[in-house]
Amino acid sequence: MADVTIAAPASAPAETGSADHSALHRTLFIALAALLVVLPFIPVIGYPFFLMKVLCFALFACAFNLMLGYGGLLSFGHAAYFGFASYVAAYTAKHWGLTPEVSILLGTASGAALGLAFGSLAIRRQGIYFAMITLALAQMVYFFSLQAPRFTGGEDGIQAVPRNNLFGVLPLGNDTTTYYLVAVVFLAGVLLIYRIIHSPFGQVLKAIRDNEARAISLGYRVNQYKLAVFVLSASLAGLAGATKAIAVQLASLTDVHWSMSGEVVLMTLVGGMGTVFGPIVGAAVIISMQNFLAGLGAWVTVVQGVIFVICVLVFREGIVGVIGKWLKKPL
Amino acid sequence: MFELIGIPPQALFGQLLLGLINGSFYAILSLGLAVIFGLLNIINFTHGAQYMMGAFIAWMLLNWVGIGYWPSLLLAPIVAGISGVIIERLFLQRLYHLDHLYGLLLTFGLALIIQGLFRNYFGSSGLPYQIPAELRGGQNLGFMFLPNYRGWVVVASLVVCLATWFVIEKTRLGAYLRAATENPTLTQAFGINVPLLITLTYGFGVGLAAFAGVLAAPVYSVNPNMGADLIIVVFAVVVIGGMGSILGAIVTGFGLGIIEGLTKVFYPEASATVIFIIMAIVLLVKPAGLFGRTA
Amino acid sequence: MTNFRMNRRSVLAGAAATAFTARSMAQAQQPINIKIGVLNDRSGLYADLTGEGSAIAARMAVEDFGAAAKGLNVQIVSADHQNKPDVGANIARQWYDTDAVDAIADVPTSSVALAINQITREKNKIFLNSGAATSDLTGSQCSPNTVHWTYDTYMLSQGTGGAMVKAGGDTWFFLTADYAFGHALERDTTAVVQRAGGRVIGGVRTPFPGTDFSSFLLQAQASRAKVIGLANAGGDTVNSIKQAAEFGITAGGQKLAGLLVFVNDVHALGLQTAQGLVLTETFYWDLNDSTRAWSRRFAPQRAGNMPSMVQAGVYGATLHYLKAVAATKTKDAAQVMAWMKANETDDPLFGKGTIRADGRKLHPAYLFEVKKPSESKGPWDYYKQLATIPAAEAFRPLNAGACPLVRA
C-alpha cells in the first residue's frame, strides 16, 4: 500500500465542483477582492507594508498547499523556491534595471526551474523520505545563497531593490500603489490555483493522493503528475517570493532558510490544508502574530511551536477546515 | 601519490582522523534516528533539540549541582531519555493511527518549543564547558597533534554504536524489537508488551542524542542552536545510508564524516554542501539509499 | 502598531520631566519631543555587547545631558532585530512611519545596518550607528543621514594587522568566515600586512557559521605562518580561539590575531584560553579616570558587566545628537546633521573628536593584548595597552572610501 496519503479531512465530502459550491466559491472570491480593495483604508492593520507581507506569504502558503493538500506531497524545502526567486527578482530589478513585471516573471521562472530539478530527484522517494530530501536539497540552496555574494549579497542580502516603473511607464513610488500591484498578483495566483485544483489534472492529483496504487493501476503515470504539481507549486512559490522582493525591497537569507519552510507548513496547517482559503487565513494569522508579538522575542518561536503541536494533535482540519465542516461545504 | 594533488600525506592523515571525529557525531545521531524510525516509523525532528538538551543538562549538572563530566555522561542521557518517554506517552502515541508525516510535523513543533525555551532562558551566545581534567592535553602522533579529548570521542562513540548494534541484532531484547518492527500485532499476541517497547525505544533514541550532546559540550560551545543545523545534515546522512540497517547508519555516519573532512582540505568552500551533493547522487543511482531496503 | 518593548520607566520619566519644565521654565517655548529607537540584538550572539546595555547607555546620555532642563523631552525605545535585515528593516519602517521615531541608534550586524542606513535616508531621519563593522557605511553606501561612530573593518585591520607585523609577525595565514564581512576583513588586513612588509602565505574560507574549526586550524598549523588571522566574528571567533588552544597551536608558538574581538568575548572565553590575543578597540572601560567613572555607573545596571565599546559608542553618539537638537532647536535631519559635523564632539568615553563629511566619527584606537591570568588583578581586568593609534591613522582617509558625498 502506498502510504503517502496525508488526506485532508476537510476534503471528505464530494468536491467535484458541484454547482452550488462553485457559486459559493465565486461569492467568496468576490468578497476577497472587495476586502483587498478596502484593506489599506482600515486603521491599524491597514499599514500597506504589513499587508503586502501578508499577501505574499498567503500566496506562498497557497502554492505550498497545492502540493500538500491536493497532491499529498509534504515538501519541507519550499523556502528554496520562494527565496531563490526573490533573489532573482531583486537582482534583475537592481542590477539590470528590469521593470517589476519582468523581474517577477523571471523570478517565477527560476522557481519553476529549481522545482523541476529538485522535483525530479525528490519524487523518487515517498512520504517521510520525500520530506527529508526536499529539506536537504533546500539547504543546498541556502548554502549557495550564503556563498555566492556576487549574486545574493551574502548575509547582506540584496538591499534597496528599486521599484521601477511597471511596464516601464506606471510609477510604483509609494507603498499603497505597490500594495495594489501585490493584491492583483496575489488574486491572480490564487485563482490560478483554484482553476488547477478543479481541472481534470487536479482530479487525478487527488486520486493519487488518496490511493497511489489505484491511480497507477488505472494507467496514470503517477510520477509525471507528481512532478507536474511539484513544478507548478514551486513556480507559484517563486511568484510569491519574487513579488515580495519587489514589495519589501529586500531579498535576504531569511527567506531561503529552512525555518521558512517550516513556517509555510505551519501557515497551511493552521488555516486548513486541502482547502482553498485555508492557507490565506493561516498566513494572515501567523504573520500578524509575528508582527504584533515581535516584542516577545524568542517566545514567538515557542508560541509557534505550541500552535504546531496543537494543530497536529487536535486541530488537524485547521481554521477554515473546521468552518467548512460546520457549514458542510468545502471551502 | 598524494603529493600529486598537492597535499602531503601527513596532513591527509590528520584530516582523515578529524573527519572520523566529526563522523562520530553523525553516527550516533543517525543511529538514534534509525532506531526510532525502525519501530515508530517517525522521523524524529526533535533529535537536534534533544542533542542540544544533552549538552545543556551536562552544563546544568555541573554548574547547579556540581556533578562533573563523567557522571553526566550517564545521567544526562537518562534525564533526556525520561523526557523522551514523556513526549512519547503524551503526544506521539496519539499519532500512530495517522500518516507518519504528522509525526514529523509534531516533532518539528516540539523542536521549536524546546529551542525557544532554551534560547529564552540561556540566551544564544553559548556557555563554556571545560574539558575534563583527565583528558586535557594531547598526543603528538608525528603527523598531527591529537587532543586526548578528541580521541576519546571516537572511542566512546564507536563503543556505544557497536553496543547498540549488538543489543539489537544479537540479544533476545533485540529480537523482540525486530519482531515488533516487522509485525507489531503478532508480537503483541505472543505476550510482549509492544507499546512499552515502543516507549522505551523512543527514550533510548533520545538518550543516544543526549549522549552525543554531552560528548560535544566540551569541544563546541553549549548553545541552544547547536542542534538545529546539525540535524539537517544528519537527515541527509540518513537518506544516503537508507533506513535498512543499524550497521548501515553507523557506517554511513563515520564514512560521511571522513568525506567531509577530506573536502575541507581539497575544497573547503564546499564542505558544508558536500553531503547534500552526495545525497543527490545516491538518490539518482540508488533511490533506497546505500543500505536501504526497497519498500 | 507599537509592538516593541518600550521602557515604561523612561516614558514616565519623560512625562514627569515635561511637567517639570512646563512649570519651572517660564518660557513660552514648547519642549521638543524626541524619540530615539535603540535597535539591536537583544537575544542572539551580540546581545551581551549591544542589547539592553546599549539602551542603558542611551538613557545615561539623556540623563547626563540634562535633557529635560534644556527643553528636550526624550524617550528611548528599543527592539530586537534578531540579526536579520528583513526584521530590522520592518521595525525601522514602522518606527519611522507610525511611531514617530526621530533617530535610530546602535544597530550591530553589518547587513542590518546597511538596510537601516538605506531606510533612514529614504525617510530623511538620523541614523547613529555604533554596532556595525562594515566600512561601506561611510564608503560606497555613505549617506548624509548617517553617523558611524565606534569602529569599522578598516580600523580593525589597520590596528591589529599593522601592529602584528611590527612585532615580528610577518607571515600570515587567514581563517576567513566565508561571507561578505569575513572577506572584507581579510582583504583590508592583507593590504595592511603587505604594506607593512609582511607576507600572506595562505588562507582558508570556513563555512559560516561554523562550529568545528579543527580541520582549518590544522591547515594553519601546517603552514607554519607566524600569525593566524581570524577574519570572523562572534561564535566563530570564540570557537576558533578555543579549539586553537585545544590543538596546542598557541602553545606551539603561533600567534592568533583576533580581528574582531570584543571585551565580552574575552570574558566568555576566560583569560586561560584568550591570553596573549592581540586586538584593537576604540574603548576599554579601564582606559582612564573618566571611562572608569562612567563604567562604574554602568556596570551595576548590567549585573556587573562592564560596557563594550559598542555601548560606549551609543552613549557618545546619543549625547552629541542631543546637543545638536538642543542647539539648533529643530529635529530637521539636515540641520541637525550639519551641526553635528560642524562641531567638535566631546564626551567622557572617547574624549574630543570630529565627524567627517562622510559620516565617519574620528577618535583614537588602542591596541591591546589580553593579559595572562597571573597578570589580572580582578574581574574584568583583561587588557594591557600596547599602543595608541591616533585618529588620523586609525581610520580610512576621507578620499579613499569612494563615498559619493565627498566627491560632490
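Each reported figure results from applying straightforward, stated rules to the coordinates on display, with no laboratory input. Bear in mind that the values here come from a model prediction, so they are computed numbers and not experimental data. Because the Cβ atoms are built from the backbone with ideal geometry, glycine has one as well, and the counts that use them run over all protein chains shown.
Mean separation of Cα pairs under 8 Å and 6 or more residues apart, divided by the residue count, gives region A:48-257 a relative contact order of 47 percent. Look at the alpha carbon pairs under 8 Å that are at least 6 residues apart: their mean separation over the length of chain B gives a relative contact order of 37 percent.
Please work out the FRET efficiency for the pair B:Ile86 and C:Val406, using the Cβ-Cβ distance as r and a Förster radius of 51 Å; give the result to the nearest 0.05. Once the sixth-power term is evaluated, E becomes 0.20. Treating r as the C-beta distance of A:Leu24 and A:Leu191 and R0 as 25 Å, the FRET efficiency rounds to 0.95.
Straight-distance candidates among the aspartates and glutamates for linking to A:Lys328, with alpha-carbon spacing under 14 Å and chain neighbours fewer than 8 residues away dropped: A:Glu15, A:Asp20, A:Glu317. Once C-alpha pairs closer than 8 Å and six or more residues apart are averaged by separation and normalised to the residue number of region B:229-295, the relative contact order reads 46 percent. Other residues lying with their Cβ under 14 Å from the Cβ of B:Gly261 contribute a combined charge of 0, Lys and Arg counting +1, Asp and Glu -1.
Residues of region C:94-132 with the amide nitrogen closer than 11 Å to a label point 7 Å from the Cα of C:Gln385, along Cα-to-Cβ, please. The answer is none.
Close amide H contacts of C:Val38 (hydrogens built in the peptide plane, cut-off under 5 Å, sequence separation of 5 or more or a different chain): C:Val77, C:Ser78, C:Ala79, C:Ala105. Close amide-amide hydrogen proximity is noted between C:Thr206 and C:Thr176, C:Ala177, C:Asp178, each under 5 Å apart and 5 or more residues distant or on a separate chain (H modeled in the peptide plane; Pro and chain starts excluded).
Remark: the Cα gyration tensor places the protein assembly as shown in the oblate category, a/c being 1.5 or greater and a/b not exceeding b/c. Secondary-structure-derived ellipticity at 222 nm for the protein assembly as shown, considering helices only, amounts to -19000 deg cm²/dmol, per-run term -39500 (n - 2.57) for DSSP H runs with n ≥ 4. Using 1/(1 + (r/R0)^6) with R0 = 35 angstrom and r between the beta carbons of B:Asn140 and B:Tyr267, what's the FRET efficiency to the nearest 0.05? Computed FRET efficiency for B:Asn140 and B:Tyr267: 0.80.
Listed by Cβ neighbour count within 10 Å, with the fewest neighbours leading, A:Trp326, A:Trp258, C:Trp95, B:Trp165 appear as A:Trp326, B:Trp165, A:Trp258, C:Trp95. For region C:361-408 versus region C:215-278, the spacing of their alpha-carbon centroids is 19 Å.
For the protein assembly as shown, A:Cys56, A:Cys62, A:Cys311, B:Cys161 have no disulfide-compatible partner, since no other Cys C-beta lies under 4.7 Å from theirs.
With θ taken as phi - 60° and the Karplus curve 6.51 cos²θ - 1.76 cosθ + 1.60 applied, the whole-hertz 3J(HN,Hα) list for region B:257-267 is x, 5, 4, 4, x, 5, 4, 5, 8, 7, 8 Hz, x standing for glycine and proline. Mean-square fluctuations from a GNM of chain A, with a 10 angstrom spring cutoff on Cα atoms, peak among A:Val285, A:Val88, A:Val54 at A:Val285. Can you tell which of A:Met273, A:Met289, A:Met67 shows the greatest fluctuation in a Gaussian network model of chain A with Cα springs below 10 Å? Top of the fluctuation ranking is A:Met289.
In sequence order, region B:50-63 has phi-based couplings of 6, 4, 4, 4, x, 5, 5, 4, 4, 4, 5, 4, 6, 8 Hz under the Karplus curve 6.51 cos²θ - 1.76 cosθ + 1.60, θ = phi - 60°, and Gly or Pro positions carry x. Beyond 31 Å in Cα-Cα separation lie the following of the pairs C:Lys329/C:Lys361; C:Lys84/C:Lys123; C:Lys125/C:Lys352; C:Lys35/C:Lys352; A:Lys94/A:Lys206; C:Lys329/C:Lys352: A:Lys94/A:Lys206. Residues considered: A:Gly168, A:Gly238, A:Gly282. Largest GNM mean-square fluctuation over chain A, using C-alpha springs under 10 Å, is found at A:Gly168. The dipole here belongs to region A:128-243: it is taken about the Cα centre, uses +1 on the Cβ of Lys and Arg and -1 on the Cβ of Asp and Glu, and is about 460 debye.
Backbone phi angles across region B:198-211, fed through the Karplus curve with coefficients 6.51, -1.76 and 1.60 (θ = phi - 60°), yield HN-Hα couplings of 5, 4, 5, 4, 4, x, 5, x, 5, x, 4, 4, 5, 4 Hz in residue order; Gly and Pro are listed as x.
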